[in-house]
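The values are calculated or read from the model by the stated rules, or taken from the named source; none is laboratory data. The structure displayed is predicted, hence computed values, not measured ones. Here Cβ is always computed from backbone atoms with ideal geometry, including for glycine, and neighbour counts include all displayed protein chains.
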Amino acid sequence: MRGNPEAHELIAPSSLSAALGYLAESPGQWMPIAGGTELMVAHAAGRLSSPKLINLWGLKELSGISATDETLTIGAGVTFRELRADPIVASDFPLLALAASWVGSIANQSRATLAGNIVNGSPAADAPPALLVYDAEIELISLTGRRRMMYPDFHTGYKRTRMNPDELVLALHLPRRFGRHHTYLRKVGTRKAMAITKVALAATALLDGEIISEIRLAAASLADRPVRLVATEAALLGHPLSAATIDRALRVMLEEAKPIDDIRSTEAYRRHVGANLLGEFLAQLVHTEGAR
Amino acid sequence: MTQAAWPTIDFTVNSNSVSVAVPPMKRLLNVLREDLRLTGAKEGCGEGECGSCSIRMNGQLVNSCLVPALQAAGTTIETVEGLGTRADLHPLQKAFLECGGAQCGICTPGMLMAATHLLAQTPNPTFEEIREGLAGNLCRCTGFIKIFDSVIAAAQGAELHAR
């Protein structure tokens with residue numbers, strides 16, 4: 001333990017509005033902490049730069065999963081354990097349940113929150129690719145009000161987002177319209193358990209005959225942030241699922257992917273494995289289409 | 001801040017009410033070991049990878065090295081010290097002894113808490129469920145198989161007792 005607990009203040013507001021009041025009063029001064037699976041690691045290593053922390057763990061306004069016929073709303077403070085246990089996540093958004101099962105260990109999943117995984121901003125984070133291919137909206141809240149944006153617009157660069165210093169994530173909203181889609185999610189890491197992603201690809205698609213009528217592709221660690229692969233999607237959308245289309249899409253993806261080099265992998269490895277994952281997904285689609 | 005300024009944090013450990021005055025960002029692991037003298041939970045990696053500090057908090061398995069003391073306020077905590085006594089071992093502790101699931105002992109308290117949590121959720125786990133339930137706990141002695149055997153033996157023992 002190289003960090004000094006006495007060097008950090010930690011306050012626990014009793015409500016979300018009280019917490020937002022602190023953020024409004026001195027924006028950027030308070031570091032929110034929920035499950036601590038990221039910040040407490042930094043703390044132990046003596047790398048936690050924020051002297052002032054504000055507790056969000058246990059705030060009722062950020063908890064819970066609720067559903068209407070059209071939308072699933074997931075509170076910012078929902079843990080990956082809760083995501084894995086939710087019947088509607090399992091039935092309507094299986095890629096999100098699968099991604100949740102990849103987050104660290106059982107002990108990490110009982111503490112790590114969905115919004116924590118998002119705002120930490122790692123390009124390798126497990127939840128974002130699934131959220132991206134399900135057209136999630138992210139809702140932010142501050143003392144002055146709430147605003148929503150499409151989740152692909154939220155990440156603006158390496159560990160950078162559109163969230164203002166006086167805002168918190170309130171919830172994620174997912175449209176319940178992916179029940180008939182073909183889906184794909186694969187993570188490549190050093191081993192199955194407790195491994196951080198080298199590269200991951202998520203996809204949702206619909207076929208109309210042999211025409212690709214809907215396609216969403218999203219990746220972890222194929223850019224400096226979680227991204228939708230819009231150019232690759234454009235190479236597939238509205239085209240027949242043919243060998244020529246697949247070949248063109250793979251070439252576009254090798255161009256579109258702009259991964260970073262870091263301690264976990266290299267730019268070239270990530271780009272090529274990412275394209276291989278797309279190839280695997282499209283081969284599965286061909287197989288499905290041929291089986292009809 | 002001076003020591004007098006630390007807030008008092010109240011919670012329950014192994015059915016006993018406790019009250020500590022500590023910095024709110026002190027890790028629960030250190031509070032357990034230093035302030036409460038419960039040295040079962042160990043520090044291995046200090047970053048949530050090895051599981052040797054595993055405890056249960058409000059019925060969920062957590063790494064106590066990643067919990068700031070303040071978040072323990074009002075919670076119910078179970079540590080390995082609450083599992084059994086030397087005279088009356090918990091079935092998992094007996095099984096670990098009988099199957100060679102404990103060697104050097106550093107990972108054992110965390111393994112026992114992760115296994116306790118697993119059996120609380122899944123009384124008859126498959127081999128794959130045992131592997132997943134203990135995936136956050138590293139052992140460098142046993143090669144894991146004897147630990148998995150211990151959990152299977154404890155689960156089967158519990159089943160026999162239930163009949």
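Condition test on A:Gly58, is it farther than 20 Å from A:Ala125 by Cβ, part of a loop (DSSP other than H, G, I, E, B) and within 11 Å of chain B (Cβ to nearest Cβ)? Yes; evaluated as a whole, the condition is true for this residue. Considering region A:51-65, the residues that are under 16 Å from A:Glu82 (Cα atoms) and of a type in the set (A, V, I, L, M) include one that is farthest from the chain's Cα centre (by Cα), namely A:Leu59. Residue count for region A:185-206 satisfying the condition of being modelled with pLDDT under 85 and either touching an Asp or Glu at 6+ places or on another chain (Cβ under 8 Å) or under 17 Å from A:Ala257 (Cα atoms) (or both): 2.
Restricted to region A:17-50, and to residues there that are within 23 Å of the chain's Cα centre (by Cα) and more than 10 Å from every other protein chain (Cβ to nearest Cβ), the residue that is surrounded by the most Cβ atoms within 10 Å (Cβ to Cβ) is A:Pro32.
Restricting attention to region B:1-31, the residues being out of contact with any Asp or Glu (no Cβ under 9 Å at 6 or more places or on another chain) and aliphatic (A, V, I, L, M) number 5. Filtering B:Thr126, B:Thr142, B:Thr116 for residues that are within 25 Å of A:Ala85 (Cα to Cα), among the polar types (S, T, N, Q) and over 17 Å from the mean Cα position of the chain (by Cα) leaves a single hit, B:Thr126.
Exactly one residue among A:Ser122, A:Ser63, A:Ser101 is of a type outside the set (A, V, I, L, M) and either over 21 Å from A:Pro226 (Cα atoms) or touching a Pro at 6+ places or on another chain (Cβ under 8 Å) (or both), and that residue is A:Ser63.
Only residues that are within 7 Å of chain B (Cβ to nearest Cβ) and either touching a helix residue (DSSP H, G or I) at 6+ places or on another chain (Cβ under 7 Å) or surrounded by 19 or more Cβ atoms within 10 Å (Cβ to Cβ) (or both) were counted across region A:1-16, and they come to 5. Counting only strands (runs of 3 or more DSSP E) wholly contained in region B:1-71, the ones carrying 1 or more residues that are modelled with pLDDT of 95 or more and more than 8 Å from chain A (Cβ to nearest Cβ) occupy B:8-13, B:16-21, B:54-57. Within region B:69-84, the only residue that satisfies the criterion of being surrounded by fewer than 19 Cβ atoms within 10 Å (Cβ to Cβ) and β-branched (Val, Ile, Thr) is B:Thr76.
Only residues that are among the polar types (S, T, N, Q), in contact (Cβ under 8 Å) with a residue 12 or more places away in the chain and assigned to a loop (DSSP other than H, G, I, E, B): list them for region B:72-91, please. Matches in region B:72-91: B:Thr75, B:Thr79. Candidates are the residues of region A:273-292 that are buried (at least 17 other Cβ atoms within 10 Å of the Cβ) and free of Cβ contacts under 8 Å to residues at least 60 places away in the same chain; the one that is farthest from the chain's Cα centre (by Cα) is A:Leu282. If only residues of region B:85-108 that are surrounded by 21 or more Cβ atoms within 10 Å (Cβ to Cβ) and in contact with a Ser or Thr (Cβ under 7 Å, 6 or more places away or on another chain) are counted, the one that is nearest to A:Pro5 (Cα to Cα) is B:Cys107. Which one of these is surrounded by fewer than 21 Cβ atoms within 10 Å (Cβ to Cβ) and touching a residue at least 60 places away in the same chain (Cβ under 8 Å): A:Pro240, A:Pro175, A:Pro226, A:Pro259? When all the criteria are applied, what remains is A:Pro175.
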